[in-house]
Amino acid sequence: MDDIDRSIINNLQGGFPICEHPYAVVAEQLGIDEADLLQRLQQMLEKKQLSRFGPMYHAERLGGGLSLCAMRVPEADFERVTEQVNAFPEVAHNYARDHEFSMWFVLGTETPERIEETCQEIEKVTSYRVYNMPKKQEFFVGLKFEV
Amino acid sequence: MSDDTLKLDELDRRIVVATQAGLPLVVEPYQHVAEELGTTAEDVMQRMQRMLESGIIRRIGAVPNHYTLGFRGNGMTVWDVPDEKVVEYGEKIGSLDFVSHAYHRPRFLPEWRYNLFAMVHGANRDELKHKIDAIAELLGADNRAHEVLFSTRILKKTGLRLVPGS
């Protein structure tokens with residue numbers, strides 16, 4: 001990764017234009033050519049330095065439900081519960097964390113009502129309580145991550 | 001329903017499905033999407049512009065991967081601050097350059113007392129600790145308790161299904 005890659009990351013976390021030749025517009029702003037920009041983006045995606053390039057959608061405004069949920073699962077039961085929780089297609093990400101609240105997952109559902117229903121279904125299958133922690137407010141920035 | 005929930009029609013939804021994993025890396029990406037969906041680039045661009053203006057698209061650009069970019073000390077920090085000040089502190093913490101997301105979330109007393117979450121990123125655990133100390137200092141006496149939860153394992157990572165049928 002060189003200075004140009006860093007400049008791409010630092011300058012392109014938002015504001016990508018909607019126009020016929022957007023990569024050409026951005027390349028000119030960065031002082032490189034379009035083919036170089038496309039190739040570098042491709043490489044950074046392949047190396048997973050970028051996890052994505054494109055529009056970031058707002059799940060709730062698309063009409064769906066989104067929430068962060070936590071469970072207190074003891075080590076002895078962790079594998080079983082992991083399997084049961086992961087089997088739900090509504091579970092998008094699931095992380096083990098070093099805390100008594102040991103399992104943290106994101107639910108994404110096609111309707112807001114499905115969040116609460118899915119939590120109840122997970123509780124029924126696993127016999128553990130699901131702590132549903134939807135965001136009450138988001139303090140979003142995200143445009144200033146510098147490398 | 002809030003007024004920021006723009007009504008999406010079938011083609012809008014197909015644009016979401018076609019682009020949620022990424023924009024094509026070709027010189028005319030919107031044209032590329034349009035051809036896939038059987039419409040014109042002009043139509044795709046107008047619809048995406050409308051979704052951007054209404055906040056359905058948060059932004060268009062690169063999503064950096066903190067971990068592979070060398071930020072190996074990442075922690076979910078959780079804070080117990082007075083409810084009446086959570087917005088003020090959320091905004092302050094959310095604007096720090098080492099915090100990628102901050103959220104106000106519900107407490108579950110007595111087991112879970114924390115109402116403010118912040119994802120903190122550092123080059124390593126030491127640097128992370130300094131950054132968390134900086135947040136604690138910013139909160140002062142209003143930091144009634146806090147913890148850092150490190151992820152030990154990714155159990156699942158499939159991504160969101162944003163619209164029905166996607």
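Within the stretch B:9-54, the set of residues being among the aliphatic types (A, V, I, L, M), in a helix (DSSP H, G or I) and in contact (Cβ under 8 Å) with a residue 24 or more places away in the chain comprises B:Leu11, B:Ile15, B:Val16, B:Val17, B:Leu37, B:Val44, B:Met48, B:Met51. Scanning the stretch A:80-94 finds one or more residues that are under 25 Å from B:Leu116 (Cβ atoms), in contact with a Leu (Cβ under 9 Å, 6 or more places away or on another chain) and among the small types (Gly, Ala, Ser).
Does any residue of the stretch A:116-136 turn out to be at pLDDT below 95 and over 24 Å from B:Val120 (Cβ atoms)? Taking every residue of the stretch A:116-136 in turn, none turns out to be at pLDDT below 95 and over 24 Å from B:Val120 (Cβ atoms).
Rundown of residues vs (1) at pLDDT 95 or above; (2) open to solvent by 30 Å² or more (accessible area, probe 1.4 Å), yes/no style:
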{"position": "A:Leu12", "(1), (2)": "no, no"}
{"position": "A:Asp33", "(1), (2)": "yes, yes"}
{"position": "A:Leu37", "(1), (2)": "yes, no"}
{"position": "A:Gln49", "(1), (2)": "no, no"}
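Taking the stretch B:142-166 as the range and being among the polar types (S, T, N, Q), at pLDDT 65 or above and under 21 Å from the mean Cα position of the chain (by Cα) as the test, the residues that pass are B:Ser151, B:Thr152, B:Thr158.
How about the stretch B:97-146: which of its residues are charged (D, E, K, R) and either within 15 Å of B:Gly73 (Cα to Cα) or away from chain A (no Cβ under 14 Å) (or both)? Result: B:Asp97, B:Arg125, B:Asp126, B:Glu127, B:Lys129, B:Lys131, B:Asp133, B:Glu137, B:Asp142, B:Arg144.
Note on the stretch A:84-104: residues that are open to solvent by 10 Å² or more (accessible area, probe 1.4 Å), within 7 Å of chain B (Cβ to nearest Cβ) and not in a loop (DSSP other than H, G, I, E, B) total 4.
Each residue in the stretch B:72-86 was checked for being more than 17 Å from the chain's Cα centre (by Cα) and either at the interface with chain A (Cβ under 10 Å from one of its Cβ atoms) or in a helix (DSSP H, G or I) (or both), and 4 of them qualify. Considering only the stretch A:108-128, state which residues are open to solvent by less than 30 Å² (accessible area, probe 1.4 Å) and out of contact with any Leu (no Cβ under 7 Å at 6 or more places or on another chain). Result: A:Thr109, A:Cys119, A:Ile122, A:Thr126.
Screening the stretch A:88-147 for residues that are in contact (Cβ under 8 Å) with a residue 60 or more places away in the chain and among the aromatic types (Phe, Trp, Tyr) and picking the one that is nearest to B:Ser95 (Cα to Cα) gives A:Phe145. Within the stretch A:48-83, being more than 7 Å from chain B (Cβ to nearest Cβ), outside any strand (DSSP E or B) and hydrophobic (A, V, I, L, M, F, W, C) holds for A:Val73, A:Ala76, A:Phe78, A:Val81. Filtering the stretch B:74-93 to residues that are free of Cβ contacts under 8 Å to residues at least 60 places away in the same chain, surrounded by fewer than 20 Cβ atoms within 10 Å (Cβ to Cβ), in contact with a strand residue (DSSP E or B) (Cβ under 7 Å, 6 or more places away or on another chain) and of a type outside the set (Val, Ile, Thr) leaves only B:Glu91. For the stretch A:129-145, the criterion of a residue being over 27 Å from B:Thr77 (Cβ atoms), open to solvent by 40 Å² or more (accessible area, probe 1.4 Å) and aliphatic (A, V, I, L, M) is satisfied by no position. Selection within the stretch B:31-67: residues that are surrounded by 15 or more Cβ atoms within 10 Å (Cβ to Cβ) and polar (S, T, N, Q). The member of this set that is nearest to A:Pro55 (Cα to Cα) is B:Ser54.
The values are calculated or read from the model by the stated rules, or taken from the named source; none is laboratory data. The model shown is predicted, which means the values in this text are computed figures rather than measured ones. Using ideal geometry, Cβ is built from the backbone for each residue, glycine included, and neighbour counts are taken over all protein chains shown. These accessible areas exclude ligands, DNA and RNA; they are computed on the full protein's heavy atoms, side chains included. Shrake-Rupley method; radii C 1.70, N 1.55, O 1.52, S 1.80 Å.
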